[in-house]
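Nothing in this text is a laboratory measurement; each read-out follows from the coordinates by a stated rule. These numbers were taken from a predicted model, which means no experiment stands behind them. Cβ sites come from the backbone with ideal geometry, for glycine too, and all protein chains shown count toward neighbours.
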Amino acid sequence: MPETRDKTTPLRYLRLLLVGVPEPIVYVVSAAQHDTFRRFADHADPDDPDADFFAFDTCDGFEVIVSTDAIQAAHLFREHDLVPEAMETDWARNRARETIRLFLAERAAPIEMRVSEPGEIAMVFANLDAAGLDAGRFQWWQDRDEAEFFVNVEQIVLLEVPAHLVEAGRQKLEAEASKALRLDPRKPARNRSVE
């Protein structure tokens, strides 16, 4: 979940130059996310499935996962100005946004869509972040019209999802997992006396 930020803290940016995307994509990130990317880049092992994708939060309310193979260059820099009020307004609007953006290899324009089930998009994030390309050839979710949308994992350049959708999805998945554990007939009942 994106961190709240003290307005007196200098802004930090992550500018990504990506394969097939004509313009750089710039995100405002926390100092922790800034440093996490630096450590990730310093120690990324191309044979490690955990290095296939890099996931991060932005200060303006998004969770992003990017294919490390698609990163041509990354520019980490700081801004020493305070957050302008107009930017704060944009951040508030972004936090309420319902649209995801998906950049695919060799497609300049992103695909924008709404999802019908936040749990599915949260699962995609978890799968890619944990298993990378080993998550399976395709990942999928339902769009707003409940049509299934499949994406080839190897073609994902970047997936940007409003953080509130990912968080709502994670909470739903956790609730479903908790309920499944309570209903599991193999699980011994509590407080049952042994004769």
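Note on the stretch 124-161: residues that are within 18 Å of residue 67 (Cα to Cα) and outside any helix (DSSP H, G or I) total 14. Listed by first and then second residue, the pairs with beta-carbon distance under 7 Å, at least 6 apart or on different chains, first residue in the stretch 165-183 and of a type in the set (Lys, Arg), second in a helix (DSSP H, G or I), are 170/122; 172/118; 172/119. Scanning the stretch 116-149 for residues that are in contact (Cβ under 8 Å) with a residue 24 or more places away in the chain, of a type in the set (Lys, Arg) and over 19 Å from residue 98 (Cβ atoms) turns up nothing. Is at least one residue of the stretch 168-181 among the hydrophobic types (A, V, I, L, M, F, W, C) and in contact with a Pro (Cβ under 8 Å, 6 or more places away or on another chain)? Yes, that holds for at least one residue.
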